[in-house]
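The values are calculated or read from the model by the stated rules, or taken from the named source; none is laboratory data. The model shown is predicted, which means the values in this text are computed figures rather than measured ones. Cβ placement follows ideal geometry from the backbone for every residue including glycine, while neighbour counts extend to all protein chains displayed. Just so you know, the surface numbers come from the protein's heavy atoms only, side chains and all, with ligands and any DNA or RNA stripped out. Shrake-Rupley method; radii C 1.70, N 1.55, O 1.52, S 1.80 Å.
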Amino acid sequence: MILDTLDNLKMYIGLNPLFQKVQEFIQLHDLSSMPLGKTAIIGDELYLTIADAQPKSQEEAVVETHRQMIDIQIPLSGTETHGFAPLSSLEEATYQEQDDISFYTRPPQTFLSVCPGEFVIFFPQDGHAPAITPVVLRKAIFKVKNQKTNI
């Protein structure tokens, strides 16, 4: 998991060949003015979803992971809290292959807040419980195909 400011996103482009495309997309588009829904950037390998996350408490948050994709999540309209739990501490409850998502029954024990102007990257080994917020929150979610690099 990585939490940082959008100004520093360029520091992480060596972690995945598609991260450079994410940075370029952000530089060319105003994410906060994009419509709700999915925007394909490179087919199924890289896409963006603009979503309105519904309010959720820490107790209601459900930990999830993705086997094939990396999440880069950016809150747009306010601060978003995420629960975190390493995959090695989780026992898988369900996996939905068509949506590349696993859900877990163990609640997160660690929480982090992400403000507008910041991003968080969740890799396949990072269990995360997104959208802990007291109000509806607009957010950008880049889904990036997990690819091996030489790093």
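Which of the trypsin sites (Lys or Arg not before Pro) found in segment 82-151 are in a DSSP loop and have at most 10 neighbouring Cβ atoms, other than their own, within 10 Å?
Lys148
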| request: Evaluate segment 1-119: find the radius of gyration of its Cα atoms, find its Kirkwood radius, and give the ratio Rg to Rh. | output: 0.94
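Within 10 Å of each candidate Cβ there may be at most 11 other Cβ atoms; applying that plus a DSSP loop requirement, which chymotrypsin sites (Phe, Trp or Tyr not before Pro) in segment 103-135 survive?
none
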| note | Loop-resident trypsin sites (Lys or Arg not before Pro) in segment 25-132 with no more than 12 other Cβ atoms inside 10 Å, DSSP not H/G/I/E/B, are Arg67
| Within the chain, how many lysine pairs that are 8 or more places apart, or on different chains, have C-alpha atoms less than 14 Å apart? | 5
| said: I'd like the carbon and sulfur percentage of the solvent accessible area for the chain, probe radius 1.4 Å, heavy atoms only, ligands and nucleic acids excluded. | reply: 51
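Please identify the longest segment of the chain free of exposed GluC sites (Glu not before Pro), where exposed means a DSSP state other than H, G, I, E or B and no more than 13 other Cβ atoms within 10 Å.
92-151
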| message | Could you tell me the calculated FRET efficiency between Leu15 and Thr94, based on Cβ-Cβ distance and R0 = 30 angstrom, to the nearest 0.05? | response | 0.60
| With every protein chain left in place, what is the accessible area of Ile41 in Å² (1.4 Å probe, nearest 10)? | 50
| request: Send over a whole-number figure in Å² for the accessible area per residue of the chain, probe 1.4 Å. | output: 51
| said: Need one number: nm distance between label points at Ile2 and Glu59, each 7 Å from Cα along Cα→Cβ, rounded to one decimal. | reply: 3.6
